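Reading through the structure tokens given below for one structure.
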């Protein structure tokens, strides 16, 4: 393997690690936001509705990916605390025929 190929692989791995860390940080921030009995869900929704429409589309695709993963959980992977999420995700996946990709225009 040539040096430039190796350095390209290292750079790609570093970018992937950075994106993975950003995803983990975003999840932690979102879960901290919702882990509050007085969470203002409307404020979150209103803020998201003010985002660029392409970003809204991407966010919806992300939500669909979450639904797909929840819909695939086995009975031993969820309990009463998230059973509703799993069941509704299964219904959503039926409606969208399992698709999680949103068109980008």
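The values are calculated or read from the model by the stated rules, or taken from the named source; none is laboratory data. This structure is a prediction, so every number in the text was calculated from the model and none was measured. With ideal geometry, Cβ positions are generated from the backbone for all residues, glycine too; neighbour counts draw on all protein chains shown.
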**Message:** Looking at the structure I just gave you, is residue 100 part of a loop (DSSP other than H, G, I, E, B) and surrounded by 11 or more Cβ atoms within 10 Å (Cβ to Cβ)?
**Reply:** yes
**Message:** Among the residues of the stretch 31-53, are any under 20 Å from residue 98 (Cα atoms) and out of contact with any helix residue (DSSP H, G or I) (no Cβ under 7 Å at 6 or more places or on another chain)?
**Reply:** no
**Prompt:** Would you pick out the residues in the stretch 1-53 that are outside any helix (DSSP H, G or I) and either within 21 Å of the chain's Cα centre (by Cα) or closer than 27 Å to residue 105 by Cα (or both)?
**Reply:** 35, 36, 39, 40, 50, 51, 52
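Is at least one residue of the stretch 19-32 at positive phi and exposed (fewer than 10 other Cβ atoms within 10 Å of the Cβ)? If you could, list the steps in order and put the result at the bottom.
Step one: of the stretch 19-32, the residues at positive phi are none.
No, the stretch 19-32 has no match at all.
For the structure I just gave you, tell me whether residue 73 is in a loop (DSSP other than H, G, I, E, B), assigned by TED's automatic domain parsing to the domain that holds residue 101 and modelled with pLDDT of 95 or more.
Details: in a loop (DSSP other than H, G, I, E, B): yes; assigned by TED's automatic domain parsing to the domain that holds residue 101: yes; modelled with pLDDT of 95 or more: yes.
Yes, satisfied.
Out of curiosity, is residue 53 modelled with pLDDT under 95, out of contact with any strand residue (DSSP E or B) (no Cβ under 8 Å at 6 or more places or on another chain) and exposed (fewer than 14 other Cβ atoms within 10 Å of the Cβ)?
Details: modelled with pLDDT under 95: no; out of contact with any strand residue (DSSP E or B) (no Cβ under 8 Å at 6 or more places or on another chain): yes; exposed (fewer than 14 other Cβ atoms within 10 Å of the Cβ): yes.
In short, no.
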